[in-house]
Amino acid sequence: MSNPMDQDNVILNQKDYSSATVLSSAANYIMNKEKPFTHTFRTYIRLRETGVLNLRLWHSNNVDSTWDQGVEAKGSEPGGDWVIEAAYVADGGQEPQGQVIPGTQVAVTFDGESSKAVTPGETFWSDEAELDLAEGHYLAFTWTIRTQHPGKSYPFNVEGMLVTAYDAPGDLADRESAEGFAGSDNLLVLPSYIGYRKKGARRLVFLGDSITQGVRTAKDGYEYWAARIAEGLGKEYGLWNIGSGWGRAYDVAAGGSWLKKAKQGDEVLIVLGVNDLDIGNRTADELLRDLAAIIVALKEANPEVSILLGTVPPFNFQAEKEQAWRYVNREILSRPPAGTDRVFDIASVLSMPAPHEHLIRPEYMSGAEDPHPNGIAGQAVADAFLNWYGSGI
């Protein structure tokens, strides 16, 4: 069932489905080749539940957030024309080694057809596919994509891989073995949403940048804080992580595809601002206005939505950027934008003690020069969030 982009309730109109994974597949890049091509992608994902699952996929053929300065990909940029030649879900086994367990592949169809032509900016659902996934096993999602023209085609996520994936030239979607596949790097090509039939789950959307996405944490470790929070909240919560590397608040405030995804939550946790102040070169006031605009848009779409606004995490800013970071967080803590229901002070969890709050604790850094939070930080943030969330403060 197709849904035009002007419908904001693209996921909410399927209330029987909940997000099956905490992995973000938000798009921050777009494939751009000189010649048309056919390529197959196989990705291994830990799902939040196993057993007999009724899976349904939803996809948005749009870039969500701007990459770098926007030369390669801009927020809300529509994808091009491309074709899904075939798609399958399968039991990927206990180790993600490129193959699937023989006999477990289930074809994913679209309005009863095994292939689908995708148009620029289109959003669409798959049909439901039933898969029996053994406990402790990975879901393997495989699809073959064919581009129809040179130039830009399908959006994807180009950040460091948080899960194991493989890709191969040609149409290998139905191949059960790993023959012909090679490990993927900075190439997460997935549908926007992997859902499974589950009534009554509370929809919690995590809207943020690479820090929310979990970039730099261990591959297949699911040790970033969004994943650990999902584990702590339990399966009655459907957590949709739409964190996107290099994303910034003004990408969301622009009102495009990323905002439409955020509108699907019963609750939305917003943790944005690092890239606005850094590569985006926004002032503190501009960032606060963008955050306010996002909250207004979310409340207009659903007056009952609960807005959980995070402070801006420390990212070792210096000089003017440090002062802007301090100002924004003071405002969020003392005078949050109208419509904010609660404020989660993530910065206080990650920061050094005063007067060095702008610096992330060294033990939480992904590397000596990389202030992205690591898995240890993921646990600390999750513990703090779960305590705060349960307290109602």
Sole miss for Ile294 among (1) open to solvent by 10 Å² or more (accessible area, probe 1.4 Å); (2) in a helix (DSSP H, G or I); (3) of a type outside the set (D, E, K, R) is condition (1)
Expected single match for without any contact (Cβ under 8 Å) to a residue 12 or more places away in the chain and either open to solvent by 40 Å² or more (accessible area, probe 1.4 Å) or under 13 Å from Pro191 (Cα atoms) (or both) among Val63, Val71, Val52 is Val71
Of everything in the stretch 204-220, what is in contact with an Asp or Glu (Cβ under 8 Å, 6 or more places away or on another chain), over 11 Å from Gly375 (Cβ atoms) and surrounded by fewer than 23 Cβ atoms within 10 Å (Cβ to Cβ)? Give them in sequence order.
none
Members of the stretch 340-351 found to be open to solvent by 60 Å² or more (accessible area, probe 1.4 Å) and either touching a Lys or Arg at 6+ places or on another chain (Cβ under 7 Å) or under 14 Å from Val312 (Cβ atoms) (or both), listed by number
Ser348
Every listed condition ((1) assigned to a helix (DSSP H, G or I); (2) open to solvent by less than 30 Å² (accessible area, probe 1.4 Å); (3) over 30 Å from Gly221 (Cβ atoms)) holds for Pro337 save (1)
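Does Val163 count as at pLDDT 95 or above, touching an Asp or Glu at 6+ places or on another chain (Cβ under 7 Å), β-branched (Val, Ile, Thr) and open to solvent by less than 10 Å² (accessible area, probe 1.4 Å)?
yes
In the list Ala182, Ala201, which residue meets the criterion of being touching an Asp or Glu at 6+ places or on another chain (Cβ under 7 Å), modelled with pLDDT under 95 and not β-branched (Val, Ile, Thr)?
Only one candidate passes the filter, namely Ala201.
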Considering (1) surrounded by fewer than 24 Cβ atoms within 10 Å (Cβ to Cβ); (2) assigned to a loop (DSSP other than H, G, I, E, B), say which one Ser25 fails and leave the rest.
(1)
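The values are calculated or read from the model by the stated rules, or taken from the named source; none is laboratory data. As the structure is a computational prediction, the values presented were derived from the model and not from experiment. Glycine gets a Cβ as well: all are built from the backbone with ideal geometry, and neighbour counts include every protein chain shown. Accessible surface areas use protein heavy atoms only, side chains included; no ligands, DNA or RNA. Shrake-Rupley method; radii C 1.70, N 1.55, O 1.52, S 1.80 Å.
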